[in-house]
Each structure stands twice: as structure tokens, then as C-alpha cells.
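Here's the structure, in C-alpha cells; my notes come after.
The values are calculated or read from the model by the stated rules, or taken from the named source; none is laboratory data. The model shown is predicted, which means the values in this text are computed figures rather than measured ones. Here the Cβ is made from the backbone with ideal geometry for all residues, glycine too, and neighbour counts use every protein chain on show. Accessible surface is based on the protein model in full, side chains and every heavy atom, while ligands, DNA and RNA are left aside. Shrake-Rupley method; radii C 1.70, N 1.55, O 1.52, S 1.80 Å.
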Amino acid sequence: LKEDLRNRLADSIETALKTSDGLVIIVMQTNDNRKPLTEILYSTQNSCPDCGISYGALEPRMFSFNSPYGACPSCLGMGNKMEIDPDLVIPDKSKSLKEGAVEPWRKGGKSLLLYYHSLMRDLSRDYDFDLDTPFNKLPGHIRDAVLYGSKKDSHEYFEGIIPNLERRFRQTESEYMKNFIHGYMSMHPCPQCNGSRLKKEALSIIINRKNIFQFCSLSIGAAYDFIENLKLSAQEQIIAKQILKEIKTRFKFLINVGLGYLTLDRMSSTLSGGESQRIRLATQIGAGLVGVLYVLDEPSIGLHQRDNSKLLNTLYALRDLGNTIVVVEHDEATIRNADYIIDLGPGAGKKGGKVIYSGHFKELLKCRYSLTAKYLRGELSITVPEKSRPYKNRKKLIIKGAREHNLKNIDVEIPLGVFVCVTGISGSGKSTLVDEILYRALARKFYRSSLTPGSHDKITGIENVDRVIVVDQSPIGRTPRSNPATYTGVFSYIRDIFSRLPEAKVRGYKIGRFSFNVKGGRCEACEGDGVKKIEMHFLPDVYITCEICKGKRFNEQTLGVKYKGKSIADVLEMTVDDAYELFRNIPRIRTKLKTLIDVGLGYIGLGQAATTLSGGEAQRIKLSAYLSKTATGKTMYILDEPTTGLHFADVHKLLLVLNALVEQGNSVVVIEHNLDVIKSADYIIDLGPEGGDAGGRLIAHGSPGEIVHNKNSYTGQYLKKALNAK
């Protein structure tokens with residue numbers, strides 16, 4: 001190039017770009033005429049001239065899966081799709097096709113089964129395989145032909161089991177058929193975006209060798225380190241300075257409340273109540289408000305003792321800004337560090353509601369009437385079992401190669417017939433191991449669940465368990481119609497008693513007359529609800545007492561039948577304790593009510609609306625229902641943080657219930673941070689050492705006495721104090 005050509009060349013290129021909508025070919029000529037000319041195609045439109053991919057201006061919405069500008073067009077930003085699952089279609093691969101390995105064919109009726117068997121005979125002749133061969137012993141290409149179909153010149157056309165189900169699901173107008181086929185479907189990552197939820201254009205934008213999906217897959221702690229160590233040019237630093245400052249500040253708040261182990265892309269539905277609350281807490285600190293009254297309900301849920309100080313320091317920071325913090329809490333460390341304590345009691349339900357003490361912690365310890373103070377003084381305590389059940393030489397489940405999320409390809413043994421506690425720092429992989437791998441694998445085995453188990457090699461010893469039950473804190477019902485009496489089944493027995501009374505027989509009343517769910521005996525004005533729902537636009541629905549039955553649920557004629565002076569409505573208004581006294585001579589009812597009392601729920605109302613029960617109460621009602629059933633002795637019960645919302649005295653009762661389940665021969669697996677529960681376990685599985693990427697390893701396993709001697713276990717260090725071990 002000659003220097004004086006620069007301006008002319010620039011004009012020519014501009015003219016070319018205007019004519020060609022931003023494309024120009026530059027021909028490079030060398031002095032050597034023997035060499036071919038080099039042509040380079042350039043674009044001013046953020047597009048690749050070779051493949052035609054074009055990028056618009058980069059905007060924030062391009063990186064949001066909630067926006068059509070950023071969402072993957074295949075899954076619409078969901079990241080996964082419901083698809084036919086081969087493991088649900090053929091759950092037992094040791095069966096042959098002749099033995100009925102294909103589950104939907106077996107359940108589709110005899111004529112359908114014969115039709116598909118004739119197709120299989122044709123396919124077996126075509127591919128030269130035996131229909132009596134177990135499915136897992138067939139060569140891979142034959143299994144693929146059976147599942148996904150075949151169409152070759154030398155073979156007859158076979159649609160394939162999975163394409164057949166997919167086609168029928170799309171074409172059918174029958175809700176029954178849709179539900180039937182839906183039972184063989186499960187969530188799978190979207191094949192186009194691989195679960196990232198975003199368009200490929202957004203994923204092509206790279207900072208320090210990471211796109212936005214890879215960055216959001218990091219834990220908050222790792223993401224903070226990534227931002228902290230970002231290498232930027234002087235100009236980039238000027239542009240990014242304020243953005244990075246805001247990002248780091250928010251990350252720091254989350255780390256300070258003990259959530260550094262969470263990944264940025266963690267779905268909110270998978271967060272525990274405590275995690276959600278601490279995220280909101282971190283947001284409030286960032287807002288820097290002054291003069292605000294904050295109310296927190298059990299913020300220590302899911303928090304290991306080691307991280308408790310981080311939470312307390314966060315609360316101190318909010319207080320020191322000039323705010324008031326009111327915390328509803330049972331955690332001993334939180335109580336001891338509070339500036340002011342209000343203790344309610346003396347009992348629960350109708351036996352409570354009084355202020356037993358208010359003031360400073362030191363004075364609380366002197367209060368003779370406070371049940372809380374008795375535990376804090378050590379006057380009452382949850383003692384270590386005198387003799388724990390031996391865990392060695394028992395049948396066991398063995399999870400091999402667990403590697404979902406942050407689990408590091410670990411093998412975990414779970415002895416059966418004992419009380420097992422899974423412990424570790426928050427985010428160490430406890431819920432992943434127990435809920436996502438163990439429970440889902442067992443649920444798929446026993447109930448044909450569509451939930452996909454987390455990544456692992458296999459689980460051995462499943463034949464030693466006959467069912468799995470998760471006892472969580474979800475509501476026992478979502479409307480006022482649901483209540484403890486109906487959930488536990490005791491109401492059916494009570495209605496039977498009323499239908500046998502002389503007055504009921506004279507009037508011809510059957511057992512259905514005393515149900516608020518069917519016409520006849522219920523109040524038709526509220527249809528047996530006792531309340532009427534007023535739908536509010538833009539506000540939650542409001543419930544008001546029915547003006548006809550005054551909340552009794554039944555009509556006057558039904559209420560006229562009385563047992564020992566009590567109508568069916570009076571019984572529903574009773575507490576469990578009072579109902580126990582009323583029906584103590586009727587074995588079936590007495591047994592059901594006794595289990596509710598045993599789990600510490602004697603104070604709740606039999607007809608108390610499910611919507612008014614706490615998570616801990618709902619969980620204990622479920623436990624009581626299982627306790628009252630005849631035990632198989634091979635059931636596995638799984639509980640995640642069952643001490644949430646429980647006082648020291650309630651934890652004591654919970655442990656009695658869990659041990660009663662184990663005494664019946666069942667296995668109980670509990671994820672827990674509460675030291676009173678951990679020290680009472682027969683066997684402990686401790687994960688760690690940290691949360692997030694630094695967790696997922698099996699740190700220790702054994703009895704509580706063995707765990708305390710493991711120097712690498714944070715749980716062991718705190719457990720040592722609880723056991724007063726040397």
C-alpha cells in the first residue's frame with residue numbers, strides 16, 4: 001500500500017459496504033505473480049460471512065432465558081423436556097420380551113399385547129434374535145431397533161416402542177391415554193441447549209473462557225473468586241468497575257449468611273426454607289435500610305453449627321445499622337446471643353399463649369416456670385441412648401459411584417434396621433445423596449416414579465427393602481377441608497360410632513350422614529367447609545365463617561345426634577387430648593389418637609384446618625399415621641431436617657417416635673444438623689469437608705462415638721462437645 005492511497009481506499013471500501021449491506025471482499029496481491037490471489041471476506045454486521053450467522057447488538061435480554069430474545073427455541077428456556085424414558089418403559093431389563101419386559105404393552109390389554117407380540121416375532125426373524133433372551137442380554141443394535149424402530153432395505157419397517165408412544169401421545173384426544181403415556185415420561189435435558197436454557201448465540205459470548213451458563217454453574221464462592229481474579233485491560237476496567245463492584249458486594253452478602261455453596265443457577269424450588277430466608281436476608285443487608293423491623297422465622301434451618309456464627313454476625317450487622325430484628329427460633333446459640341428474649345408457654349395450643357418470661361438471657365436461666373430455661377440450664381436434656389443398636393453385620397444398601405452435582409464418585413453404605421443420620425456442612429451433598437439418588441432410585445423401583453435418579457453406578461441390596469416413604473414438612477392438605485382427623489383416618493371410625501347410636505338408627509342415618517364431604521348431613525350453604533371463600537382480585541382469597549352453620553359444617557338434624565353429649569361438630573372442635581379421653585374405651589380410635597399424642601400433638605384440634613398447621617406439625621401428623629399402621633419391618637423412612645420448628649421438648653418426642661419405627665424393624669434415614677438428633681443415631685454418614693465444589697466427599701462413617709475421633713469432621717468436633725467426649 002502506498003501512503004497516498006489511504007484516503008481513496010477508505011472511500012472505495014465505504015462505497016462497497018453501502019452497496020453490499022456491510023460485506024466487502026479484500027483481494028490481497030503479493031509481488032510473486034505465481035502465487036494465487038488471497039481473498040478475505042469482511043463484515044460490519046457482527047456476522048460470519050461464511051456460515052451466515054449474524055449477531056445483533058449485545059443486550060442484557062439476550063442472556064435471559066425468560067426473554068424470547070435469549071431463550072432456547074427448542075425448550076423455550078425451560079432447560080428440559082418431558083420425554084419417554086426407556087427405563088420406565090422397560091423397568092426390569094432382566095426380563096425377556098416374551099416375559100413382558102415392555103411395561104406399557106403389558107398394561108394395555110390382552111389384544112394389544114398379542115398385536116405387539118406378533119410385531120416382535122417378525123422383528124426377531126428379521127434380526128435373528130430370540131424373544132426369550134433377557135432384554136439386557138440382547139446386542140445394542142437390537143435393543144435400539146426394539147426401542148427406536150428400524151427401516152432398512154433388508155428389513156421390514158418397525159416403528160419402535162418409544163416413537164409409537166410419542167406419536168400416540170401427540171395424536172390422542174383421550175385424557176386417559178395421555179395420562180397413561182405420561183406415566184412413562186420423565187424430564188431430560190433439552191438436546192439443543194443441553195440444559196443451559198439459552199440460545200447458542202448467547203452461549204458464544206465468552207469472558208475468561210467461560211460463557212454465562214458456565215459462570216452461573218459455579219457456586220457463589222467460586223463465582224466470587226472468578227470475578228476477583230478477572231484480568232481486564234485498562235479500558236475494560238473502567239467499563240466494568242461499577243458492575244463488578246455491585247456483583248462482588250452481593251456475592252459477599254450471600255457468603256456471609258452461609259450460602260457460598262449454592263450455585264447461581266440453583267432452582268428456587270429446590271431451596272430449603274432457611275436458604276430462601278437467608279437469601280432475602282442478604283438482599284436486605286445490601287439495601288442498607290435503617291429503622292426497619294425485620295421478622296425472621298427459623299433462619300437457622302439447614303445451617304451447620306460451624307456456619308451459625310456467620311448468620312448471627314449478619315443479624316448483628318442489620319441491628320447495628322439501626323434496625324430491630326425479631327427472630328422466632330429454637331436454636332440454642334441464637335437464644336444465648338439474643339439481646340432480649342420472649343418465652344411463650346407453658347405448653348402448646350390451648351395450654352400455651354402466655355408470656356412466661358421476657359428479658360435478658362441471664363435472667364431467663366433463673367426462671368423456674370420456663371421449659372426452655374430448664375433445657376438451657378441442663379435440668380432437662382435429651383440424653384444419649386444407653387445402648388445404641390450395632391450397625392455391623394447387618395443387611396445394607398450400598399450406593400456405588402454417586403457423582404450427582406458435587407458428589408465425588410463416592411461409595412456409601414447404609415445399614416438397614418437402624419437409625420441413620422446423614423450430616424455435613426450446608427451444601428456438602430447430603431440432600432443430593434439421600435433425596436436425588438437414594439429416594440428417587442427406590443421410588444422408581446417400587447412405584448415406577450418418573451423422577452430421574454441422580455448420577456450413580458448402581459445401588460445394591462434393594463431387595464432388603466420393600467418400600468420407601470419420605471416424611472417431609474409439606475402440608476397434609478391445601479384447603480380448610482383437610483384436617484388431622486381425616487388425614488390419619490380416625491374420622492372414619494368416629495363417624496361409624498355416630499352412625500351406630502340409637503338416635504341415628506331411629507332416623508335412618510348411615511355413616512355418610514356424618515361426612516362433611518357428601519350431601520345429606522352437611523351444611524349445603526358452605527358445602528361442609530364451615531367457611532366460605534371470597535375470591536379477591538390481586539389479593540389472596542379470604543375465608544369467612546358460614547353464616548348458616550356458624551362454622552359447624554353440618555346441618556341441624558345431623559348435629560342433633562350426640563355421643564356422650566357431644567355432636568360430630570363438637571368432636572371436630574376438640575383437641576386430640578380431649579378426644580382421647582372421650583373415646584378411650586374404643587380401641588380403634590384410641591390407638592390412632594394415642595399416636596398423635598406420642599408425637600407431641602395432643603394440643604391440636606381434630607378438625608383444625610390443614611392450612612393452619614406448621615410444617616413441623618404436618619410432618620409429625622404423617623409420622624403418627626405411619627406409626628398406627630401395621631409395620632412390614634422392611635420400610636425405609638427418609639426425613640430431611642425433621643427438627644425444623646421444634647422445641648427441645650418436641651425434639652425429644654420426635655426421637656421417641658423415630659426409634660419406635662426402628663424398633664419395628666424399619667430403617668430411618670435422617671438428614672440433620674441438630675446435635676441432639678445426631679448423638680442419638682446408631683450410624684452417621686458425614687459428608688464434606690466443605691460445601692459446594694469443596695464438598696461431596698465421604699469424610700467419616702460409623703457410630704457417634706467413632707465420628708468424634710475423626711479430626712477431619714466438623715460434625716465430629718461439635719458432636720464431641722455434645723457427648724462430652726474426650
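Structure summary
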{"read-out": "Tail weight of P(r) past 16 Å, computed on alpha-carbon pairs of region 71-138, percent", "value": "57"}
{"read-out": "Length-normalised contact order of region 18-166 in % [C-alpha pairs under 8 Å, at least 6 apart]", "value": "12"}
{"read-out": "Rounded to the nearest 20 debye, dipole of the chain from Cβ charges on Lys, Arg, Asp, Glu", "value": "2180"}
{"read-out": "Enclosed volume per residue, in Å³, of the convex hull spanned by Cα atoms of region 17-166", "value": "260"}
{"read-out": "Per residue convex hull volume, Cα atoms of region 637-721, in Å³", "value": "99"}
{"read-out": "Kirkwood hydrodynamic radius of region 344-488, from inverse mean 1/r over distinct Cα pairs, in Å", "value": "19.7"}
{"read-out": "Accessible area expressed per residue, region 554-702, with surrounding protein chains retained (probe 1.4 Å, Å²)", "value": "33"}
{"read-out": "Fraction of alpha-carbon pairs over 19 Å apart in region 347-406 - percent", "value": "62"}
{"read-out": "For region 274-387, the spread of Cα positions along each principal axis, largest first, Å", "value": "47, 36, 28"}
{"read-out": "Net charge contributed by nearby residues that have their C-beta within less than 12 Å of SER219 (K/R +1, D/E -1)", "value": "-3"}
{"read-out": "Cα-only radius of gyration and Dmax that characterise region 420-537, units Å", "value": "22.5, 66"}
{"read-out": "Heavy-atom surface of region 1-153, accessible at 1.4 Å and reported per residue (Å²)", "value": "70"}
{"read-out": "Counted charge near GLY607, where neighbours are those whose Cβ lies closer than 9 Å (Asp, Glu -1; Lys, Arg +1)", "value": "0"}
{"read-out": "Cross-link table LYS93/LYS622; LYS408/LYS721; LYS396/LYS679; LYS137/LYS634; LYS566/LYS622; LYS362/LYS653, entries beyond 24 Å C-alpha to C-alpha", "value": "LYS93/LYS622; LYS408/LYS721; LYS137/LYS634; LYS566/LYS622; LYS362/LYS653"}
{"read-out": "Computed accessible area, GLU39, all protein chains, 1.4 angstrom probe, square angstrom", "value": "130"}
{"read-out": "Mean projected area in nm² (Cα convex hull; one quarter of hull surface) for region 591-647", "value": "4.5"}
{"read-out": "All-pairs Cα distance distribution in region 492-632, expressed in whole percent, bin size 5 Å", "value": "2, 10, 16, 19, 18, 17, 11, 5, 2, 1, 0"}
{"read-out": "Average accessible surface area per residue within region 280-415, 1.4 Å rolling probe, Å²", "value": "59"}
{"read-out": "Sequence-distant lysines (8 or more away, or on other chains) whose Cα lies within less than 29 Å of LYS2", "value": "LYS18, LYS35"}
{"read-out": "Relative contact order (%) - the chain, alpha-carbon pairs under 8 angstrom, separation at least six", "value": "11"}
{"read-out": "Mean Cα-pair separation over length for region 105-215, i.e. relative contact order, pairs under 8 Å, 6 or more apart, %", "value": "11"}
{"read-out": "Built amide H within the under 5 Å cut-off of ALA700, gap 5+", "value": "ASP686"}
{"read-out": "All-pairs Cα distance distribution in region 12-98, expressed in whole percent, bin size 10 Å", "value": "13, 20, 19, 16, 13, 10, 7, 2"}
{"read-out": "Loop sites in region 143-212: GluC sites (Glu not before Pro), DSSP, at most 15 other Cβ within 10 Å", "value": "GLU156, GLU159, GLU173"}
{"read-out": "Loop sites in region 468-569: chymotrypsin sites (Phe, Trp or Tyr not before Pro), DSSP, at most 16 other Cβ within 10 Å", "value": "PHE538"}
{"read-out": "For LEU656, solvent-accessible area (1.4 Å; no DNA, RNA or ligand), Å²", "value": "110"}
{"read-out": "Per DSSP, loop trypsin sites (Lys or Arg not before Pro) in region 572-675 with at most 15 further Cβ within 10 Å", "value": "ARG584, LYS629"}
{"read-out": "Nearest-10 value in Å² for the accessible area of CYS190, using the 1.4 Å probe", "value": "0"}
{"read-out": "Bins of 20 Å, starting at 0 and running to the largest distance - Cα pair percent for the chain", "value": "13, 36, 35, 13, 3, 0"}
{"read-out": "Protein accessible area in the chain, 1.4 Å probe - carbon and sulfur %", "value": "52"}
{"read-out": "Environment charge of GLY77, counting only residues whose C-beta is closer than 15 Å and scoring Lys/Arg +1, Asp/Glu -1", "value": "+3"}
{"read-out": "Using alpha-carbon coordinates, inclination of helix 161-171 to the longest axis of the chain, degrees", "value": "80"}
{"read-out": "For SER388, distant residues with modelled amide H under 5 Å away", "value": "none"}
